[in-house]
Amino acid sequence: MIAFLDYGAGNVRSVFNAIESLGEKVKVVETAEDILSAERLVFPGVGAFGSMMDILNEKNYVEPLRDYLNSGRPFLGICLGLQALFEGSEEAPGVRGVGFVSGTVKRFDIDLSVPHIGWNGLNIKKPSRIFTGLGGDEKFYFVHSYHVVPEDGGAVLTTTDYGCEFVSSIQIGNIIATQFHPEKSGSSGLQLLKNFLETSGEQSIPVRSAQTTRLAKRIVACLDVRTNDQGDLVVTKGDQYDVREKGVVRNFGMPVELARRYYQEGADEITFLNITGFRDFPLEDMPMLEVLRQTSKNVFVPLTIGGGIRDYRDKNGRQYKALEVASEYFRSGADKVSIGSDAVLIVEEYLRTGQGTGQSSIEEISRVYGNQAVVISIDPRRVYVTSPDEVKHQVIETTIPGPKGEAYCWYQCTIKGGREGRELDAITLAQVCEKLGAGEILLNCIDRDGTNLGFDLELIKAVSDAVSIPVIASSGAGRVEHFHEVFTRTEAESALAAGIFHRKEVPIAEVKNYLKGKVEIRQ
Ligand code: 1PR
């Protein structure tokens, strides 16, 4: 029996599911006594350091946790579950941590995108039983803006490089804690979890441990989901956002099965977009929540869900906050939520008033669940102009001239799945969303969607140069070379595709084989 410390702030369902998939029974901690009597304790932390410590203090869990740690029984902390062990964090000055390890938690002070999101390697510093069966060159999934700095180097189990060398896991006797997420790290992560659960394993140090580790570019499989005319929830796919062929919604299969297939084929992340979410309120569209619950049972890579995340008043006059919708998605197994139409309206308001309201979906969700949990999905299309002065938007010079030979264009944001163009450009949208707390940009392009012509490199370069958060390039992938192009000619950290994967034209493995040796990827 594994005692599972869930303090109710985000997606810990996947850790729960991962442990259960390994055949263990899990008991969720409900009282301080449950901590004290645990034989093996797993603590997956999510959200922000300050709110985590507030909840742990409110529940009177801090002292029992300290006692448990001092007893030397097996403990696995994940992400904030590692940071909690320290004395304090720059994320919440003045808030005391559990203080089991001397040292603090610092924000990344580097020139790269923060949060550090994605698959990175481990430089293994000492033997541990959690490495049994691993080669040492595996990559694990990270998502964090802060990293631990222990005073005693002897506690360091692994380090990872990202603009600096930081401590990515510690081990003190039976107490193990990782900054990365084993439960989101595919089969390598499951192996590591299994090793932790089997407490009798031998200490080992894998042979291929990396000296310097590198963050991999991510390949994301995207599933646009909607109900078809027969009432079935299906994966569909548009051509420039038109999902109907001869009047009928294209049907590429069932979301749960397809997500499972992409996981097995090596997708680094899976994104579900509920494409009619702007008109159907997600909390009234329960099948989508069920899709997440089912998917997270056997898909152990990060899951993003988008569609309909906004404040909403139902027909009975009940007001829902976007935060409630997001919370339901996180509880159902999502790691990140993606906000589309609402982000455009929020930025328009910001530009009108010169400030955030503090109440918007972006601000509220990032405050509670952390910046990394908020992705902004942008649905832009090109608008050509003859000169940059013609409009007040951020304009780029293009090598693909317009129909009248125009040499410039701006990227117009749209809402409601491309149905309505707004007086806002994609670069400004991305910049303001970053200010408001977004952690990542999912950059679609209506002109390229479903065309197989390749990503709109000019758009992706312009946006990824303008923000410091990671950008996921999307729309238009048709060949393996397109992925290479987008990773070498822009700052995009991930590339997303849908049609070529659904139609089995280019399998994920083929993309990765092509990139191998040219671009850092997870094999
Ligand atoms: O506005 O917050 O409710 O979110 C709705 C979400 O649904 C948005 O993220 C929006 O991008 C998405 N969406 C709405 N309508 C459509 C549509 O296709 N009619 N899909 C739609 C957007 C774009 C990509 C697609 C890539 C790759 N799909 O996700 O998967 O373009 O395709 P490709 O590789 O086949 O070229 P809200």
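Some notes on this structure:
- Output for the range 109-122, where each listed residue is out of contact with any Leu (no Cβ under 9 Å at 6 or more places or on another chain) and surrounded by fewer than 18 Cβ atoms within 10 Å (Cβ to Cβ): ASP109, ILE110, ASP111
- Flag for LEU36 being modelled with pLDDT of 95 or more, in contact with a helix residue (DSSP H, G or I) (Cβ under 7 Å, 6 or more places away or on another chain) and not basic (Lys, Arg): yes
- The combined condition, being modelled with pLDDT of 95 or more, in a loop (DSSP other than H, G, I, E, B) and more than 11 Å from the ligand (Cβ to nearest atom), is fulfilled by ALA492.
- Annotation note: of GLY499, GLY476, the sole residue that is on the phi > 0 side of the Ramachandran plot, over 21 Å from the mean Cα position of the chain (by Cα) and open to solvent by less than 50 Å² (accessible area, probe 1.4 Å) is GLY476.
- Among the residues listed as ILE521, ILE441, the single one being closer than 14 Å to ARG218 by Cβ, open to solvent by 10 Å² or more (accessible area, probe 1.4 Å), more than 10 Å from the ligand (Cβ to nearest atom) and under 20 Å from the mean Cα position of the chain (by Cα): ILE521
- Selected residue (only one of GLU348, GLU364 is within 16 Å of the ligand (Cβ to nearest atom), open to solvent by 20 Å² or more (accessible area, probe 1.4 Å) and either within 28 Å of PHE49 (Cβ to Cβ) or small (Gly, Ala, Ser) (or both)): GLU364
- Check on LEU453, touching a strand residue (DSSP E or B) at 6+ places or on another chain (Cβ under 8 Å), within 16 Å of the ligand (Cβ to nearest atom) and at pLDDT 95 or above: no
- Lone qualifier among PHE142, PHE166, PHE86 - being assigned to a loop (DSSP other than H, G, I, E, B) and in contact with a strand residue (DSSP E or B) (Cβ under 6 Å, 6 or more places away or on another chain): PHE86
- Filter result for GLU458 (open to solvent by 10 Å² or more (accessible area, probe 1.4 Å), under 19 Å from the mean Cα position of the chain (by Cα) and more than 9 Å from the ligand (Cβ to nearest atom)): no
- Residue in the range 218-238 that is polar (S, T, N, Q) and under 25 Å from LEU193 (Cβ atoms) present: no
- Residue ID - nearest to GLN179 (Cα to Cα), chosen from residues in the range 120-138 that are in contact with a helix residue (DSSP H, G or I) (Cβ under 9 Å, 6 or more places away or on another chain) and in a strand (DSSP E or B): ILE124
- Once the range 259-299 is narrowed to residues that are of a type outside the set (A, V, I, L, M, F, W, C) and touching a Leu at 6+ places or on another chain (Cβ under 7 Å), the residue that is nearest to the ligand (Cβ to nearest atom) is THR271.
- For the range 300-320, the candidate set comprises residues that are within 9 Å of the ligand (Cβ to nearest atom) and not small (Gly, Ala, Ser); within that set, the residue that is surrounded by the most Cβ atoms within 10 Å (Cβ to Cβ) is ILE309.
- Candidates LEU323, LEU273: the one that is under 30 Å from TRP119 (Cβ atoms), open to solvent by 10 Å² or more (accessible area, probe 1.4 Å) and in a strand (DSSP E or B) is LEU273.
- When we screen GLU265, GLU269 for residues that are at pLDDT 95 or above, of a type outside the set (Lys, Arg) and within 25 Å of ARG489 (Cβ to Cβ), the only hit is GLU269.
- Per-region count, the range 228-245, residues in contact (Cβ under 8 Å) with a residue 24 or more places away in the chain, open to solvent by less than 50 Å² (accessible area, probe 1.4 Å) and part of a strand (DSSP E or B): 3
- Residue in the range 186-227 that is farthest from VAL480 (Cα to Cα), counting only those that are open to solvent by 30 Å² or more (accessible area, probe 1.4 Å) and in a strand (DSSP E or B): SER204
- Filter result for LEU429 (part of a helix (DSSP H, G or I) and either of a type in the set (Ser, Thr, Tyr) or within 14 Å of the ligand (Cβ to nearest atom) (or both)): yes
- Scanning the range 330-341 for residues that are in a helix (DSSP H, G or I) and surrounded by 21 or more Cβ atoms within 10 Å (Cβ to Cβ) yields PHE330, SER341.
The values are calculated or read from the model by the stated rules, or taken from the named source; none is laboratory data. What you see is a predicted model, and the numbers here were worked out from it, not measured in a lab. We place every Cβ from the backbone using ideal geometry, glycine too, and count neighbours over all the protein chains shown. Each accessible area value is taken on the protein alone, full model and side chains, heavy atoms only, with ligands, DNA and RNA left out. Shrake-Rupley method; radii C 1.70, N 1.55, O 1.52, S 1.80 Å.
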